[in-house]
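Below you'll find the structure, written out as C-alpha cells, and then a few comments.
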Amino acid sequence: QVQLVESGGGLVQPGGSLGLSCLASGSIFSLNFMGWYRQAPGKQRGLVASMTVGRTTNYADSVKGRFTISRDAAKNTVYLQMNSLKPEDTAVYYCYVVANGNNYWGQGTQVTVSS
C-alpha cells in the first residue's frame with residue numbers, strides 16, 4: 001500500500017506564491033507518474049501539472065509559466081511551486097501518483113487566493 005501526504009496549502013493574496021509537496025511512502029517499487037490536480041467548487045477535478053518517470057512535464061494551459069512541478073526521486077516527493085497566483089487558482093489541490101502499477105490520490109489541500 002502507498003500513502004500520500006500533502007502539505008503546503010493555505011491562504012495567499014493575488015500575485016503571491018505557494019509551494020505544495022506530496023510525499024509518497026510505503027512499499028514503492030516503481031513510481032512512474034506523479035502529478036497535481038485541482039477541484040474548485042462546482043467544477044470537475046482537472047490536471048494542473050504532471051511529470052513522468054522520465055521527467056517529461058505537462059501543464060494545464062491556465063498555469064503555464066506560473067506553476068512548476070518538480071520531484072525528488074530519492075525522497076519519493078513531488079512538488080508544485082505556484083507563482084503569480086490568481087483568485088481562479090482557488091481550489092483543493094490533490095496529489096496523484098501511479099506507483100507499482102496502481103493509482104493513488106492524496107487527501108487534498110486547500111489553496112485560497114484572495115485579498
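The values are calculated or read from the model by the stated rules, or taken from the named source; none is laboratory data. Nothing here was measured: the structure is a model prediction, and the numbers come from that model. Heads up, the Cβs are rebuilt from the backbone with ideal geometry, glycines too, and the neighbour counts pull from every protein chain shown. We work out accessible area using only protein heavy atoms, side chains counted, and drop any ligands, DNA or RNA first. Shrake-Rupley method; radii C 1.70, N 1.55, O 1.52, S 1.80 Å.
Residues checked against (1) surrounded by fewer than 18 Cβ atoms within 10 Å (Cβ to Cβ); (2) in contact with a Pro (Cβ under 6 Å, 6 or more places away or on another chain); (3) in a strand (DSSP E or B):
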residue	(1), (2), (3)
CYS22	no, no, yes
PHE33	yes, no, yes
PRO41	yes, no, no
VAL48	no, no, yes
MET51	no, no, yes
ARG55	yes, no, no
THR68	yes, no, yes
ALA74	yes, no, no
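Taking the criterion of being open to solvent by 60 Å² or more (accessible area, probe 1.4 Å) and under 19 Å from MET34 (Cα atoms), the residues of region 76-100 that qualify are TYR79, GLN81.
Looking at the structure I just gave you, is GLY46 touching a strand residue (DSSP E or B) at 6+ places or on another chain (Cβ under 7 Å), of a type in the set (Gly, Ala, Ser) and free of Cβ contacts under 8 Å to residues at least 40 places away in the same chain? Working first, answer last.
On the way: touching a strand residue (DSSP E or B) at 6+ places or on another chain (Cβ under 7 Å): yes; of a type in the set (Gly, Ala, Ser): yes; free of Cβ contacts under 8 Å to residues at least 40 places away in the same chain: yes.
Answer is yes for this residue.
In region 97-112, is there at least one residue being assigned to a loop (DSSP other than H, G, I, E, B), within 12 Å of the chain's Cα centre (by Cα) and either polar (S, T, N, Q) or closer than 15 Å to GLY10 by Cα (or both)? For region 97-112, residues assigned to a loop (DSSP other than H, G, I, E, B), within 12 Å of the chain's Cα centre (by Cα) and either polar (S, T, N, Q) or closer than 15 Å to GLY10 by Cα (or both): present.
Being among the small types (Gly, Ala, Ser) and modelled with pLDDT under 95 holds for only one residue in ALA73, ALA49, ALA40, and it is ALA73.
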